[in-house]
Every structure is written in structure tokens, then in C-alpha cells.
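The structure appears below as C-alpha cells.
Bear in mind that the values in this text are calculations on the coordinates, not laboratory data. As the structure is a computational prediction, the values presented were derived from the model and not from experiment. All Cβ positions, glycine included, derive from the backbone under ideal geometry; neighbour counts span all protein chains shown.
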Amino acid sequence: MSEKNEHVIEKNLKALVEIVDVVNAMTLPIVKSIENLLVKSAAVMGSEEASVLVRDGDEGDLRFLSATGEVADQLINLRVPAGKGVAGFVFSSGQPMTISDTGQEASFYAEVDKKTGFSTETLLATPIQYQGNIIGVLEYVNRIGRPPYEPFTPEEMDRAALYADPIATLVNAYEAIVIFKDLGDEILSANSEINFEEIRGWLRGVRGNKNHKEMIDLAILIREVSMQGDAERILCKEILESFLSYSENNLQSKFSHL
Amino acid sequence: MSSTVSSEMFDALTDMKLDDEWKSSTGKGVSVVIIDSGVDKFHSDLKGKIKNTFAAVRDGNRTVFEETDAGDSAGHGTACAGIISKIAPEADLSSIKVLGAGGLGDGHAFLAGLEFAIKQGYKIINLSLGTTKPQFVVPLNDLINRAYQAGCIIVAAGNNLPQPSYPSVFSSSLIAVSKSSETNYFDFGFNFGETIELTAPGVNVRTTWLNDGYRTLTGNSFACPHIVGVITLLLESFPDLTPFQVKSALYSIARRNQERKS
């Protein structure tokens, strides 16, 4: 491989890592926003714990993206295989469901409870839908206070569906960003010749760079404006396209003057 | 003149005297299939009551159905089976699993399962499932009409969410059900003029679950098997009823319920 080609590949890889870094920075506020919504909605629902599961792969598996409550940290990234448990059913059927266990039986949410040591006694699960597609599951678990807990009511089932709507917009934005991240990770892991230590060192330098910080701020700003609604997203796109067109013309005119 | 048919008028019109005798039936000889997440046929309450258990399997681009002991992956199908079995303990219950691992539940498996059930000639199909995806409207409508013409009674749960769910909205060819807080399954209601016409117990319903357990559940999904159970009893006493007559009978019973309550 010629030195020139190596230089181009290195340049491209660094650009890719830079994009992945921006993407990572953008997912954090989205997850934080989901968590805030979970905390607020759980309080209104009179629930002790709340969580959001998102699809993981193409086979119907789910993964905890965000959670609040006692075992929140243990839940994050925990996987639920396709069709398993209440969450799996709600995801594949698109139907909300409440389930409670007021008797002395073992927990019905066995697999996840086994891993976290938590005891699920009453649960409300509702699908998270974005433009007609089911993209996740919103769950509220147990009640505030001590057991035995009152089961969730049909009215609370309707209310949970209302909370699922804004969460759906956030989950959709999260997924759109993660696609870039996964793509970047895939390309980077496919290249066995990459010296990750060197890249990490370089990345630390990039993160300290004023321009990179500004790029992240700009990306977050665009995301926030775009998420205000369809009209804002279209307006944002039009403005950016106008700027791009202006910038290109400006560049061309500069060249013509040379 | 009243625009609704009284219970006496219904009896005269249908030549079917609906006294309460049918309520003591057990559903013997009536075939019922649950299209869902599978059924745990080894549950103590269901042992010996589940005749066939099929599961959707991918065969290239096709979905085929095989007898299986795969059981229930989610508990939902077992919950429906428990409700039907409690009302009609001698019904010929079967299960077609279309939800579960390996990408099942993508709508195509659901369609294939429904088609399979109609071809198998089951008398009643419990559909506590549905889809909101418009691309399934035409094929589902076609299948529901085929079932209706074949004398197969489909009972579908309405969507718990505000948007329409298919096939429950095809109310002319099937029986659609939503939940009520009523506890006696014979005291169901009928909302004439609504898309989802019937209401049945679906709030805090105690029924069978995985690992030989029991759960208390809320959702339209659990109202649906209550009506299936009631129809199973009705069909044991009146085996030749057509889907249209069954719906008329349910309407008449619901009116009696209303009359009694008021």
C-alpha cells in the first residue's frame, strides 16, 4: 500500500471515529430525557419503578435502555429474548397489559428478577409505537409503599399509553443515532490493523479541541430543534440546506476569484 | 315502534328458544383454537384438555405449522386457555403458536396461523391478537370473510389503544370484544352501533400462567376468551348456529342482561 493511500485511510478512519464520538455524545441527552420522563410519569402513575425496553436486533429481542428505581443500574442493557415474558408479548403483539400477583407465588417476571434480586408483584406494560411501528415497551412496576400492591387499573393503562408517545419520539431519535454508531463500530472492528491505543490518544486530543466541542453542541442543537415537531424538522432541514447551498456558492465564487 | 328486537321477538325470529339450559353445558365436542403465544398444556388446570398444539415454523419463505411441545413463551396463550377451559371444561381446545422466538409475531405468521386454523375447520377461533399495520388489512379481511362463509366463528379482542386494530374492526364478519369490569361471564354487554360490539370481563381476571402458576390480568385480550367460552357452551346446545346467528344470540342474551339489570 502506498504512503498516500495509507494517509487517506488514516484520515477517513479518524473522521469516522470523530463521527462516532459525536453520535455517542448525542445519545446521552436522549437517554437522560427518557429517564426524566420515566421519573415524572412513574410518580403520576403511583409506581415505584419504570423502565423502557428497546428492540435489540431484528429477531424481536429487547434490551433495557433506561430505568428508574432501586435496581435501575442492574437493568440497563439487560436483554429479554424475543417473545419472552410480558414485555416480549407486549412488544410482539402491540397490546398493553397489566398483570399482578397478589398471592404468595414466585415472581412472574422471573428471569429479570432473578438477575436483579427485585420482586415484581404488579406490572403495567404498554407498547412504544412510532409511526405505526412498535419500537419498544414502557413498563411500570409495583406501587409506591409496601406490598400488597393495588393492581394497575384500565384508566392507568390508558394514561401509560399517553406517556409512551413522547418516549416513542425520543426512542426513535436514539435509534436513528445508534445506527451511525453501530456502522462506525462495525467498520472500526473490521479493520484489524487499527492501533486503538493510538486512536484513543488522538481522540482525547480531539475531545479537547474547541472545534469538535462546537460540532457536538451544534449537533445537539439541531437534534433538539428537530424534535420539536414535523414543522420544526422541515424548517431546520430547509435552513441547513440553504446554508449549505450558500456555503457552496461562496466557495465556488472564492475559487473563481483565484 | 321499537327499533330493537326484544328477547321474545328474537326467539320467534330465530326459532331458537334461549332459556338458561345451555348455560349448564360444558362445551363438549366443540372445537376451539387459540392463536397466540402457545399454551402450556402441562399446567395442572389444562392437563388433558389441550388436543393439539401447533407452532409456526419457517420453511424458506413460507410459514408452516408443526405439532410441538414448545409450550408458551409469554404466558398470554395459557391465560386465554385457562379462561375458556374454566367456562367450557370439556371443549376440544387447541393452540396455534404464532408469537415467540425466531422472529415469529411479524404479522405474516399471524396471517398464516389464521389461514391454517380456518383450513383445519375449527368451529371457534380465539384471537386475542391483532395488528395495526395497514398492509395486513386486505389479506386479513379476505381471511375473515372466508372464515365467516365457512361457518367458523372468530372472536377478536379490540385494541386497548385508541387506534383501530385488525381484524377486530371487521365487525360484520366476526365478534369483537372489549373489556369490562363485570365478573360474571354470562353478564356480558352488547354496544350496538359500536365497532367493538361486545363487552366481557377483562379487568383483574385471575387465570392460568406459566410454571403452573396463576396471574391476575387486565386487557381486552382476556375479555375475548370469556366470549369464546360462552359461545362454546351455546354451540354445544345449538351446534348448527351460523356466525350470524351466534352474534344475534349474543345480542339477545346481552339485552336480557340489560333488561334484568335495569
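Our note on the geometry: Cα centres of the stretch B:164-228 and the stretch A:18-86, 31 Å apart.
Comparing B:113, B:29, B:229 in a Gaussian network model of chain B (Cα springs below 10 Å), the most mobile by mean-square fluctuation is B:29.
Sorted ascending by nearby beta carbons within 10 Å, beginning with the fewest, A:18, B:67, B:90 become B:67, B:90, A:18.
Calculated FRET efficiency, residue B:195 to residue A:242, Cβ-Cβ distance, R0 = 51 Å: about 0.60 to the nearest 0.05.
A simple rule links phi to the HN-Hα coupling: the Karplus curve 6.51 cos²θ - 1.76 cosθ + 1.60 with θ = phi - 60°, which for the stretch B:20-26 gives 8, 4, 4, 5, 8, 5, 10 Hz, with x for Gly and Pro. Pairs exceeding 29 Å between alpha-carbon atoms, taken from B:133/B:261; B:86/B:247; A:40/A:213; B:23/B:133; A:115/B:51: B:133/B:261; A:40/A:213; B:23/B:133; A:115/B:51. Taking label points 7 Å from Cα along the Cα-to-Cβ direction, residue B:20 and residue A:234 give a separation of 6.2 nm.
Taking amide H positions as modeled 1.01 Å from N, with prolines and chain starts lacking one, the residues under 5 Å from residue B:153 and 5 or more places away or on another chain are B:124, B:125.
Rounded to whole numbers, the Karplus 3J(HN,Hα) couplings from phi for the stretch A:36-48 are 4, 5, 5, 4, 5, 5, 4, 5, 5, 6, x, 10, 7 Hz, using 6.51 cos²θ - 1.76 cosθ + 1.60 with θ = phi - 60°, and x at Gly and Pro. Here residue A:11 and residue A:73 are evaluated by their C-beta separation; at R0 = 30 Å the FRET efficiency comes out at 0.15. Distances over 29 Å make up what percent of all Cα-Cα pairs in chain B? Here the long-distance tail beyond 29 Å is 24 percent of all Cα pairs in chain B.
For chain B, DSSP calls about 35 percent of its internal beta bridges antiparallel. Springs between Cα atoms under 10 Å define the GNM used for chain B, and in it the highest mean-square fluctuation of B:143, B:99, B:161 occurs at B:161. What you get for chain B, charging only the Cβ of Lys and Arg (+1) and of Asp and Glu (-1), is a dipole of about 300 debye around the Cα centre. When the P(r) is computed for the stretch A:27-178, the part past 26 Å accounts for 15% of the Cα-Cα pairs. With both residues required to sit in the protein assembly as shown, DSSP beta bridges show an antiparallel share near 65%. Starting from the amide H of residue B:206, placed 1.01 Å from N in the peptide plane, find each other amide H under 5 Å away whose residue is 5 or more places distant or on another chain. Here B:217 satisfy the definition. Once the Cβ-Cβ distance of residue B:240 and residue B:45 is raised to the sixth power relative to R0 = 30 Å, the FRET efficiency obtained is 0.45. The phi-based Karplus calculation (6.51 cos²θ - 1.76 cosθ + 1.60; θ = phi - 60°) puts the 3J(HN,Hα) values of the stretch A:169-178 at 4, 5, 5, 4, 5, 4, 5, 4, 6, 5 Hz, whole numbers, x for Gly and Pro.
Among A:174, A:162, A:134, which residue has its Cα positioned farthest towards the positive end of the charge dipole of the stretch A:27-178, with +1 placed on the Cβ of Lys and Arg, -1 on the Cβ of Asp and Glu, and the dipole taken about the Cα centre? Final value for the positive-end residue is A:174.
Of all DSSP beta bridges confined to the stretch B:151-262, the antiparallel ones make up roughly 50%.
Simple rule: put +1 on each Lys or Arg Cβ and -1 on each Asp or Glu Cβ in the protein assembly as shown, find the dipole, and look at B:160, B:71, A:225; the Cα lying farthest toward the positive end is B:160. Within the listed set B:228, B:33, B:169, the Gaussian network model of chain B (springs between alpha-carbon atoms below 10 Å) gives the highest mean-square fluctuation for B:169. When only the Cβ of Lys, Arg, Asp and Glu is charged (+1, +1, -1, -1), the dipole of the protein assembly as shown relative to its Cα centre reaches about 300 debye. Helix B:76-87 sits at what angle to the longest principal axis of chain B, using alpha carbons and giving 0 to 90 degrees rounded to 10? For B:76-87 against chain B, the angle is about 40 degrees. Placing unit charges on the Cβ atoms of the charged side chains and taking the dipole of chain B about its Cα centre, the candidate lying farthest along the positive direction among B:235, B:30, B:83 is B:83. Label positions at residue B:28 and residue A:219, each projected 7 Å from the Cα along the C-beta direction, are separated by 7.1 nm.
Note on the stretch A:27-178: with charges restricted to the Cβ of Lys and Arg (+1) and Asp and Glu (-1), its dipole about the Cα centre is near 240 debye. Per-residue Cβ neighbour counts within 10 Å put A:86, B:64 in the sequence B:64, A:86, beginning with the fewest. The fewest-to-most ranking of A:139, A:186 by surrounding Cβ atoms within 10 Å reads A:186, A:139. Rounded to the nearest 10 degrees, the inclination of helix B:108-120 to the longest alpha-carbon principal axis of chain B is 60 degrees. Taking every DSSP helix (H) stretch of at least 4 residues in the protein assembly as shown, weighting each as -39,500 (n - 2.57) and dividing the sum by the residue count yields a mean residue ellipticity at 222 nm of -15500 deg cm²/dmol. Put simply, the amide H of residue B:34, placed in the peptide plane, has neighbours under 5 Å in B:94, B:95, B:96, B:126, leaving out anything fewer than 5 places away on its chain.
By the Cα gyration tensor, the protein assembly as shown has an equivalent ellipsoid whose semi-axes, rounded to whole angstrom, run 52, 24, 23 from largest to smallest.
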